[in-house]
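A quick write-up on the structure given underneath.
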Amino acid sequence: MLWRSVCAPYSLQLTAHCRVAHRATRKGLLRRGRSSIKDRSLTVMAAAATSDATKNQKIAIVTGANKGIGYEIARQLAQAGLRTVLTARNEELGREATKKVAEATAGSDAVQFMQLDIASPRSVDDFGRWAEQELPNVDILINNAGIAYKGNVFGAEEARTTMATNFAGTRAVCERLERLIPEGGRIVNVCSLAGKQSILRSPELRSRFENASSAEEVATLSEDFLQGLSSGSYGKEGWPGSMYGVSKLCEATYSRVLAEQLKPRGVAVYACCPGYVATDMSSFKGHKTPEQGADTPVWLALHAPSSGSGKFYSDRKEEPF
């Protein structure tokens with residue numbers, strides 16, 4: 001009884017105080033709850049906006065992008081706002097180039113690297129599976145990767161290596177990725193004026209290149225050259241003494257064939273020559289800078305009329321080949 005009589009008034013005060021505190025706390029929690037919900041809504045809205053922006057962002061893949069023209073092409077595409085995937089055979093050099101492109105484009109997080117050796121069927125297939133899983137589509141594919149032996153190197157083994165990269169490798173990448181290219185997409189194959197039909201000494205060979213209508217026919221022509229080189233009969237058959245020239249002629253002819261095949265899907269395919277560019281491939285003797293060499297490939301990828309599909313370009317102008 002004593003405890004009750006002494007503590008009752010305090011108990012009543014404490015109860016009243018607790019009720020007030022509870023109401024205040026509840027109001028505070030409600031306010032914080034509403035604020036938290038609002039913050040979460042803004043976060044969701046921002047994430048949705050970012051997702052939409054990413055979804056609408058065009059995606060470009062550039063092969064051989066670790067240096068020279070390929071690096072410049074990737075940099076210019078990233079600077080134009082495209083999500084850009086750089087590829088290179090050498091992973092270390094490729095990652096260094098990707099870092100430089102990101103830094104040159106204000107630290108863009110839309111620049112990434114994936115290893116790709118276009119002369120390796122396994123590497124091409126691995127890259128294709130990665131692209132199918134990670135990319136919603138490929139709006140632009142620029143095949144820049146290529147090789148050229150320096151000096152007077154000319155032999156059957158070297159010719160087969162050259163052809164495996166410049167023609168067969170480019171073809172493999174196109175065929176592996178073309179299913180991901182939507183209507184309005186573009187493929188740009190970096191070829192060379194050193195690979196024009198005029199290098200052929202035989203009217204029959206020129207006719208075969210002009211009339212080729214499938215990738216298999218172009219592959220047969222490339223194999224005929226390699227066989228002629230192995231047997232020593234290439235000159236009598238009308239082939240030139242240029243491994244690089246013939247490989248680039250096959251690549252340009254394939255570009256024309258592919259353009260016709262993809263025409264019903266609304267996908268444009270261009271071949272182009274970047275010019276004589278001061279890069280490692282030319283021993284830095286070219287009169288153009290890599291930035292100037294990248295101009296026509298980037299223009300074809302972003303601005304050229306789709307009616308030019310299947311044609312060959314140099315300095316933004318159509319060039320007969």
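The values are calculated or read from the model by the stated rules, or taken from the named source; none is laboratory data. All of these numbers come straight from a predicted model, not from anything done at the bench. Backbone-built Cβ (ideal geometry, glycine too); neighbour counts: all protein chains shown.
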Original post:
If you take the residues in region 226-262 that are touching a residue at least 24 places away in the same chain (Cβ under 8 Å) and among the basic types (Lys, Arg), which one is surrounded by the most Cβ atoms within 10 Å (Cβ to Cβ)?
Top reply: LYS248
Subject >> Residues satisfying the stated conditions in region 275-297, i.e. assigned to a helix (DSSP H, G or I) and in contact with a strand residue (DSSP E or B) (Cβ under 8 Å, 6 or more places away or on another chain) >> reply: PRO290, GLN292, GLY293, THR296, PRO297
**OP:** Filter region 283-306 down to residues that are surrounded by fewer than 17 Cβ atoms within 10 Å (Cβ to Cβ) and at pLDDT below 90 and give me whichever is farthest from TYR244 (Cα to Cα).
**Re:** HIS287
Original post:
Does VAL85 count as buried (at least 16 other Cβ atoms within 10 Å of the Cβ), assigned by TED's automatic domain parsing to the domain that holds ILE147, out of contact with any Leu (no Cβ under 7 Å at 6 or more places or on another chain) and among the β-branched types (Val, Ile, Thr)?
Top reply: yes
Subject >> Single residue of region 55-86 satisfying the filter (among the polar types (S, T, N, Q) and farther than 16 Å from GLY185 by Cα) that is farthest from the chain's Cα centre (by Cα) >> reply: GLN79
Original post:
Taking interchain pairs and intrachain pairs at least six residues apart, which have beta carbon atoms under 7 angstrom, with the first residue in region 130-156 and modelled with pLDDT of 95 or more and the second assigned to a helix (DSSP H, G or I) and aromatic (Phe, Trp, Tyr)?
Top reply: ALA148/TYR244
